[in-house]
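To start, the structure itself, in structure tokens.
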Amino acid sequence: MRLTLTLLLAALPSTAFPAQADPWPTRPVRIVAPFPAGSTVDATLRLMQPHVADRLGQPIVIDNRSGASGAIGVEVALNANADGYTLLLGTATTHAVAKVLNPKLSYDPQRDFLPVTLVGSLPYAFSVHPGVPAKSVAELVALARARPNEIRYTSVGNASLAHLAGELFSSLADVKLTHVPYKSSALSVIDVIAGRVELQIGSIVPALPHIRSGRLRVLATTGAVRIPALSDTPTMKELGFKDYEVALWMGLFVPAGTPKAIVERANGEFVAVLKKPEVHDGLVNQGVTPQPTTPAGLAAHITAEIAKWTRVVRTSGIKTD
């Protein structure tokens, strides 16, 4: 009887017992940061890095690929295998504003990537060198009107969210500023501190230590409400710019074609990390509001952001070329 059963089992086709796929991940996972070390994207990833590695049981490698307002890093992630071993921390610039402002964009943020989760968002800060004779936004507007095109402001590149934020301010305040693009806010803040550029419109993370030390003077933030990290600083809305609300959001993506099971596992692990008190509080202290979502939640957010900035550009007539 035992011999007969053994022979019957041997005769069954191999497809009756399908092999189990290797669990993800079985080797290090790379996350592409499309902005340089010291940027908000980089700082956010490095805060999360050890916690994600602990949950996945594999090293997390942060790959900084900056340039072209984030497009270079996006291309690196886009050309990677769709196997879950390369993720991208995209932003409002790379996955919304670029589509609105750049008709020659080499990728489609909605077609070429699958969303994993929204990570968080933070407003920009209007910060000036202490030598600039403007201690408020109203004084900055008066100075800019008296000196057309002489007040220079920084951004993280042409057709970036910060660039659009500067042009939107110029439109609403009826002033003329000169745009000076950089690869990241972390790099531009150096020149603002040195007095080579008057105004930084950039993410709070690299500017915050210098604001606290007095090497930069912060005039306003651009979110809907004040943030704990700069609780004494008014928002642009409070200062009378009722239609001015700009927030840099960050989200995790994988190349299109990545298996659904991997996307779902990645979502669960990253959401769990974002909810850890030490990660949540660390981000808040940097000015970032954690906002974990489902993949569908991030997809809906991108659709809404593209629609919003399309309306803003059409209404204001902003051009960033």
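The values are calculated or read from the model by the stated rules, or taken from the named source; none is laboratory data. Computed from a predicted model, the values in this text were never measured in an experiment. All Cβ positions, glycine included, derive from the backbone under ideal geometry; neighbour counts span all protein chains shown. Ligands, DNA and RNA are excluded from the accessible area calculation, which covers all protein heavy atoms including side chains. Shrake-Rupley method; radii C 1.70, N 1.55, O 1.52, S 1.80 Å.
Quick notes on this structure:
- Top-ranked residue in segment 147-166 [being open to solvent by 40 Å² or more (accessible area, probe 1.4 Å) and over 19 Å from the mean Cα position of the chain (by Cα); ranked as farthest from T94 (Cα to Cα)]: R147
- Wholly enclosed strands (runs of 3 or more DSSP E) of segment 167-275 bearing at least 3 residues within 22 Å of the chain's Cα centre (by Cα) and closer than 26 Å to T303 by Cα: 199-203, 247-255
- Of all the criteria given as (1) surrounded by fewer than 24 Cβ atoms within 10 Å (Cβ to Cβ); (2) hydrophobic (A, V, I, L, M, F, W, C); (3) touching a Gly at 6+ places or on another chain (Cβ under 9 Å); (4) closer than 30 Å to A296 by Cβ, the one not satisfied by V100 is (3).
- Just one of the numbered conditions (1) part of a loop (DSSP other than H, G, I, E, B); (2) touching a strand residue (DSSP E or B) at 6+ places or on another chain (Cβ under 6 Å); (3) of a type outside the set (D, E, K, R) is not true of L298: (1).
- Considering segment 64-75, the residues that are open to solvent by 30 Å² or more (accessible area, probe 1.4 Å) and not in a strand (DSSP E or B) include one that is nearest to A256 (Cα to Cα), namely E75.
- Out of L118, L56, L114, L88, one residue alone is open to solvent by 30 Å² or more (accessible area, probe 1.4 Å) and either touching a residue at least 24 places away in the same chain (Cβ under 8 Å) or under 21 Å from S184 (Cβ atoms) (or both). It is L114.
- For segment 224-280, filtered to residues that are under 29 Å from P209 (Cα atoms) and polar (S, T, N, Q), the residue that is most open to solvent (accessible area, probe 1.4 Å) is S231.
- Candidates in segment 83-124 are the residues that are assigned to a loop (DSSP other than H, G, I, E, B) and of a type in the set (K, R); of these, the one that is nearest to I60 (Cα to Cα) is R111.
- Search result, residues across segment 285-307 that are at pLDDT below 95, surrounded by 15 or more Cβ atoms within 10 Å (Cβ to Cβ) and more than 15 Å from the chain's Cα centre (by Cα): none
- Filtered by the rule that a residue be in contact with a helix residue (DSSP H, G or I) (Cβ under 9 Å, 6 or more places away or on another chain) and either in a helix (DSSP H, G or I) or of a type in the set (F, W, Y) (or both), segment 130-166 gives V137, L140, V141, A144, R145, Y153, L161, A162, H163, L164.
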